[in-house]
Amino acid sequence: MSIKAAKRREDYLPPDFTVDHIDLKIVLAADATSVSAVLQVTRIGSHERPLCLDGEQLTLKSVEVDGIAWTDYQLSETALTINGVPDSFVLSTVVEIAPAHNTSLEGLYLSDGAFCTQCEAEGFRKITYFLDRPDVLSMYDVTITAPQDEYPQLLSNGNKLASGHNDDGTHWVKWQDPHRKPCYLFALVAGDFDLLTDEFTTQSGRVVALELYVDKGKLNRGQHALDSLKRAMRWDEEVFGLEYDLDVYMIVAVDFFNMGAMENKGLNVFNSKFVLADSETATDDDYFNIESVIAHEYFHNWTGNRVTCRDWFQLSLKEGLTVFRDQIFSETFNSPLATRIKQVKVIREHQFAEDAGPMSHPIRPDEVIEMNNFYTVTVYDKGAEVIRMLWTLLTPEGFKRGMRFYFDRHDGQAVTCDDFVNAMQDANDIDLSLFKRWYGQSGTPRISIAQHGDKLTIGQHTPATADQASKQALLIPLQLEMVPSNGQGESVQLTVALKSETQEVLLPVSSGNRVLSVNSGFSAPVIVEQQASLAELGSILSFAKSDFDRWEASQALFKQAMLANMEGDASVINETAQLMAQFITAEQRNLALLSEVLIPPSVESLVAGLEQVNVDALLNSHKAVYKRVAIECAPMLEKLLAALVLRDEYAYTPEQIVQRKALNTLLKLYSQCQDTSDMLTTLFTNADNMTDTLTALQAAQLGNQSTFESLMQQFEERWQDDPLVLDKWFALHATTERPDILARLQLLMEHKQYTLKNPNRIRAILGSFAFYNTAGLHLSDGSGYRFFTDHLLAIDPVNPQVAARIVTPLLSWRKFDSDRQDKIKFHLTRILDNPQISSDLFEKVSKSLA
Ligand code: PHE
Ligand code: ZN
């Protein structure tokens, strides 16, 4: 394998040619699929350059220009360059590919015997020679031929035009997509699925057929996905006036998939994890995630497909915006508090770490070796926070006006992030030039607050990052809540638009007897440096109007107690435990808030927030504080738990979700200080749903080894033939803190359901281990690093995207003690020294060692 060269955003040039129309004829066979492509090519501008098409792992069979066999071309590993072409012509190529040997899951591959494609970002070049870049928009006609018995369903984008049978037992279907699209939105699926159908009538009265394709026998697990789709379709009409634009919307669930799902025009392909659910097999979180991913892919039809990206550096144009859209959709149909907390945890636990590590990049990156490495929490989730700040600055009405203007101006085009912000600006008569810096600047801004009476001096500065030494001031909408410190009187909320390094703000009411809750609601993706005192945090926890801010205060309290305890200061622990106990007594009826507040920040989020980490001390301190809080709260926990265990038959309703969540939080906490074996066993045995089942397992995992082992064994016996459910079991084992964890992982990887070819399995075992078993990965003798690296080296040649994603926790080695640093570096060097290393791993590991 050879390493790709880096590409720079600034080097963008428009394409030399465009393809107005492509006619694809694909004859499917696992070992030798034939792909004939007829391209209507037009030169752009006046130049003499040849036509250079991308193509990888293709066996070229023939080339014709305007129907004449063509020999004036060069072929390389990655390109077909055709010389001497006219300004406008028809290019016909035939290639052969081998989907059965495609383990990268990019291009055309087999998933459990079904053919499917994944073309984003640069996978179409593994199907045929083409201008594989998002600013080439074409009309598609696609004819698929395959054996009728094995592959009764042949799907592609758009509308079915015709179909027929051949004498040799094959059949064919011809599809036509009436919308121009970039090739990354092309899709093809061929297989034998069960089909769930429904209908949606759009606001203008058109009837859209909805079709959900799932593995045979799984039909009864598809209803929630279909219901979610209908909710998303209605919501986008009501909130943004956006209507679906084809007669059919198809979703196919496959087991082998690198990511969550893909928004191919009219034919979404989903990781089955984000489609299949019933109460027995899916948790409330799974239901939530399915709804949000279904909505996300649906929303892409406008933000991504109708208006797409000019080049891949602009990825956040569609992803940041679409994540934001799915977030506000989720906030409407679920608890806004729980939903916002989930989002902020992703930023704190993963995005801040990315900003602080060797892969740091702005939401619109400047330099990329492997595009697949840039489907990141920065581009997606920080990108969504940047859009959210626009929503705040422009107000929802102004933002919606901007969206309408964006589609009026750019429908059918491939555009940039700047084009998006310009549309927002022009629709609202506001200058957003300062705001645009968020797109080009990486790193997490720090906010400092100094208070002199009723005047605040607010400072902002962004520390240097691996990719950028100097930073500028940003436009930051910072929300503040002035909370009455003793609960007497109303809170006052204000939003300050920070524009320079320091800024003075006059508070709207007297600050006497008030505590400031800064970055209220997480109004901006920043870190607030100012340390509130325990008393102040106690006031915010008790009296803030914003429930989110109350949760923030609880997390700050836990964190301070954990850090102080590491330094041997026990007073913070005591005070924190007392504040938590007071809180639980005062708020015993507010289960929604209780169930969030009483979860301490994860070890991993603490690691992400620290520059230097003493792993062993942190792990101990985390446990000590959690236990101390449990002891202090025990009487109340007992009382609340007794009231919680009696419940109705499972339903995915807001009331029940809150109850199950509270049961989870409280039982985990209570199990820190009490032997809960009997309770957990009873809960596990009586549970009529996966949420409670997992609650029993998680609570046992945290402290009750023998109960954990026996319940886990029962779980395995019950679900051993259902890999999607078994992933939960794999992940629980992989995240358990135990001295023999590596031997345990080895056993898991010998399980009959484990295969290195399925990304869900790898993520469940090795991904969970690397991201969420800090104790195991960082075992002091370095055996965790060795074990993990050995497996990374085995995965890389099979599926480099997955290898590069889970290597992440090793990249931040600089945080750890010098002995661990040396050990991690040793193993990263082993990866880098592998002559077969993929571009994916190379980019990340070489940056980390630089
Ligand atoms: N575009 C997909 C999404 O965010 C993600 C994806 C990227 C899937 C690359 C596959 C490959 O919805
Ligand atoms: Zn997306």
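Please work out if Pro445 is at pLDDT 95 or above, farther than 26 Å from Arg348 by Cα and crowded, with 17+ Cβ neighbours inside 10 Å. Give the steps one after another, and end with the answer.
On the way: at pLDDT 95 or above: yes; farther than 26 Å from Arg348 by Cα: no; crowded, with 17+ Cβ neighbours inside 10 Å: yes.
So Pro445 does not fit the description; no.
Among the numbered criteria (1) surrounded by fewer than 23 Cβ atoms within 10 Å (Cβ to Cβ); (2) within 11 Å of ligand 2 (Cβ to nearest atom); (3) more than 16 Å from Asp227 (Cα to Cα), which single criterion is violated by Val293?
Failing condition for Val293: (3).
Can you name every residue in region 87-121 that is under 18 Å from Ile22 (Cα atoms), more than 16 Å from ligand 2 (Cβ to nearest atom) and not hydroxyl-bearing (Ser, Thr, Tyr)?
Listed by number, the residues that qualify are Asp87, Phe89, Val90, Leu91, Val94, Val95, Glu96, Gly107, Leu108.
Taking the conditions exactly as written (assigned to a loop (DSSP other than H, G, I, E, B) and in contact (Cβ under 8 Å) with a residue 24 or more places away in the chain), does Leu434 satisfy them or not?
On the way: assigned to a loop (DSSP other than H, G, I, E, B): yes; in contact (Cβ under 8 Å) with a residue 24 or more places away in the chain: yes.
Yes.
Can you run down the residue pairs with Cβ atoms below 6 Å, 6 or more apart or on separate chains, where the first is in region 237-262 and within 16 Å of ligand 1 (Cβ to nearest atom) and the partner is assigned to a loop (DSSP other than H, G, I, E, B)?
Taking only residues 6 or more apart or on different chains, the pairs are Ala253/Val275; Asp255/Asp112; Phe256/Leu105; Phe256/Asn758; Asn258/Leu105.
Determine whether Ala338 is away from ligand 1 (no atom under 16 Å from the Cβ) and either closer than 29 Å to Lys230 by Cα or touching a strand residue (DSSP E or B) at 6+ places or on another chain (Cβ under 7 Å) (or both). Don't jump to the end; show me each part of the working.
Details: away from ligand 1 (no atom under 16 Å from the Cβ): yes; either closer than 29 Å to Lys230 by Cα or touching a strand residue (DSSP E or B) at 6+ places or on another chain (Cβ under 7 Å) (or both): yes.
Taking the combined requirement at face value, the residue satisfies it.
Any residue in region 274-286 that is away from ligand 1 (no atom under 11 Å from the Cβ), among the small types (Gly, Ala, Ser) and buried (at least 23 other Cβ atoms within 10 Å of the Cβ)? So that I can check it myself, show each step before the final result.
Going residue by residue through region 274-286, those that are away from ligand 1 (no atom under 11 Å from the Cβ) are 275-286.
Imposing the further condition that a residue be among the small types (Gly, Ala, Ser) reduces the set to 277, 279, 282.
Filter once more, so that each one left must be buried (at least 23 other Cβ atoms within 10 Å of the Cβ): 277, 282.
Yes: region 274-286 contains one or more residues that are away from ligand 1 (no atom under 11 Å from the Cβ), among the small types (Gly, Ala, Ser) and buried (at least 23 other Cβ atoms within 10 Å of the Cβ).
Could you check how many residues of region 263-290 are within 15 Å of ligand 2 (Cβ to nearest atom), without any contact (Cβ under 8 Å) to a residue 60 or more places away in the chain and more than 22 Å from Trp175 (Cα to Cα)?
So the answer is 2.
If you check Ala427 against the conditions, is it assigned to a loop (DSSP other than H, G, I, E, B), crowded, with 17+ Cβ neighbours inside 10 Å, out of contact with any Pro (no Cβ under 6 Å at 6 or more places or on another chain) and in contact (Cβ under 8 Å) with a residue 24 or more places away in the chain?
Details: assigned to a loop (DSSP other than H, G, I, E, B): no; crowded, with 17+ Cβ neighbours inside 10 Å: yes; out of contact with any Pro (no Cβ under 6 Å at 6 or more places or on another chain): yes; in contact (Cβ under 8 Å) with a residue 24 or more places away in the chain: yes.
When the stated conditions are applied, Ala427 does not pass them.
One line per residue, one yes/no per condition, for (1) hydroxyl-bearing (Ser, Thr, Tyr); (2) closer than 30 Å to Asn373 by Cβ:
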residue	(1), (2)
Thr59	yes, yes
Ala69	no, no
Thr93	yes, yes
Tyr109	yes, yes
Gly123	no, yes
Thr145	yes, no
Gln148	no, no
Gly164	no, no
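For region 252-268, enumerate the residues that are more than 17 Å from Val802 (Cβ to Cβ) and hydrophobic (A, V, I, L, M, F, W, C).
Step one: of region 252-268, the residues more than 17 Å from Val802 (Cβ to Cβ) are 252-253, 263-268.
Across region 252-268, the qualifying residues are Val252, Ala253, Leu267.
So that you can scan it fast, the table gives a plain yes or no per residue for (1) at pLDDT 95 or above; (2) within 15 Å of ligand 1 (Cβ to nearest atom); (3) hydrophobic (A, V, I, L, M, F, W, C):
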site	(1), (2), (3)
Phe288	yes, no, yes
His296	yes, yes, no
His300	yes, yes, no
Val307	yes, yes, yes
Asp326	yes, yes, no
Phe329	yes, yes, yes
Phe333	yes, no, yes
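Within region 10-65, how many residues are closer than 14 Å to Val95 by Cβ and of a type in the set (Val, Ile, Thr)?
Adding up the residues that qualify gives 8.
Testing Glu331 on (1) surrounded by fewer than 21 Cβ atoms within 10 Å (Cβ to Cβ); (2) within 16 Å of ligand 2 (Cβ to nearest atom), one condition comes back false. Which one is that?
(2)
Looking at (1) surrounded by 24 or more Cβ atoms within 10 Å (Cβ to Cβ); (2) more than 16 Å from ligand 2 (Cβ to nearest atom); (3) part of a loop (DSSP other than H, G, I, E, B), find the lone condition where Asp245 falls short.
(1)
Criterion first (within 30 Å of Tyr650 (Cβ to Cβ), away from ligand 2 (no atom under 16 Å from the Cβ) and either assigned to a loop (DSSP other than H, G, I, E, B) or among the β-branched types (Val, Ile, Thr) (or both)) does Ala225 satisfy it? Walk me through it before giving the result.
Details: within 30 Å of Tyr650 (Cβ to Cβ): yes; away from ligand 2 (no atom under 16 Å from the Cβ): yes; either assigned to a loop (DSSP other than H, G, I, E, B) or among the β-branched types (Val, Ile, Thr) (or both): no.
Against the criterion (within 30 Å of Tyr650 (Cβ to Cβ), away from ligand 2 (no atom under 16 Å from the Cβ) and either assigned to a loop (DSSP other than H, G, I, E, B) or among the β-branched types (Val, Ile, Thr) (or both)), Ala225 does not qualify.
Which condition number does Arg310 fail, the rest of (1) within 16 Å of ligand 2 (Cβ to nearest atom); (2) closer than 26 Å to Leu246 by Cα being met?
That leaves (1) as the condition not met.
Please give the strands (runs of 3 or more DSSP E) falling wholly within region 9-117 in which 1 or more residues are acidic (Asp, Glu). Walk me through how you get there before you give the answer.
Details: elements: 17-27, 33-43, 51-54, 59-65, 73-75, 79-82, 88-97, 107-111.
So the answer is 17-27, 51-54, 59-65, 88-97.
Only one of (1) farther than 21 Å from Phe329 by Cβ; (2) away from ligand 2 (no atom under 15 Å from the Cβ) fails for Asn258. Which number is that?
Single failed check for Asn258: (2).
When region 678-708 is examined, which residues are found to be of a type in the set (Asp, Glu) and outside any helix (DSSP H, G or I)?
Within region 678-708, the subset of a type in the set (Asp, Glu) is 678, 688, 692.
Hit for region 678-708 is Asp688, nothing else.
Name every residue in region 150-171 that is within 36 Å of the chain's Cα centre (by Cα) and not hydroxyl-bearing (Ser, Thr, Tyr), in order of residue number. Please lay out each step first, then the result.
First, pick out the residues of region 150-171 that are within 36 Å of the chain's Cα centre (by Cα): 150-161.
Those that are within 36 Å of the chain's Cα centre (by Cα) and not hydroxyl-bearing (Ser, Thr, Tyr): Glu150, Pro152, Gln153, Leu154, Leu155, Asn157, Gly158, Asn159, Lys160, Leu161.
Do the conditions hold for Ala624, that is, is it at pLDDT 95 or above and surrounded by fewer than 21 Cβ atoms within 10 Å (Cβ to Cβ)? Quick ask: steps written out before the conclusion?
On the way: at pLDDT 95 or above: yes; surrounded by fewer than 21 Cβ atoms within 10 Å (Cβ to Cβ): yes.
Yes.
Got at least one residue in region 172-186 being farther than 21 Å from Ala232 by Cβ and loosely packed, with under 14 Cβ neighbours inside 10 Å?
no
When you go through Val95, Val90 one by one, which is the residue that is among the aliphatic types (A, V, I, L, M), touching a Lys or Arg at 6+ places or on another chain (Cβ under 8 Å) and either surrounded by 14 or more Cβ atoms within 10 Å (Cβ to Cβ) or modelled with pLDDT under 95 (or both)?
The match here is Val95.
Could you say which residue among Phe420, Phe399 is within 16 Å of ligand 2 (Cβ to nearest atom) and either modelled with pLDDT of 95 or more or not small (Gly, Ala, Ser) (or both)?
Values: Phe399 fails: within 16 Å of ligand 2 (Cβ to nearest atom).
So the residue among Phe420, Phe399 that is within 16 Å of ligand 2 (Cβ to nearest atom) and either modelled with pLDDT of 95 or more or not small (Gly, Ala, Ser) (or both) is Phe420.
Tell me which residues, restricted to region 182-193, are part of a strand (DSSP E or B) and either touching a Gly at 6+ places or on another chain (Cβ under 9 Å) or free of Cβ contacts under 8 Å to residues at least 12 places away in the same chain (or both).
First pass over region 182-193, keeping only residues part of a strand (DSSP E or B): 188-191.
Of everything in region 182-193, just one residue is part of a strand (DSSP E or B) and either touching a Gly at 6+ places or on another chain (Cβ under 9 Å) or free of Cβ contacts under 8 Å to residues at least 12 places away in the same chain (or both), namely Gly191.
The values are calculated or read from the model by the stated rules, or taken from the named source; none is laboratory data. Bear in mind that the values here come from a model prediction, so they are computed numbers and not experimental data. Heads up, the Cβs are rebuilt from the backbone with ideal geometry, glycines too, and the neighbour counts pull from every protein chain shown.
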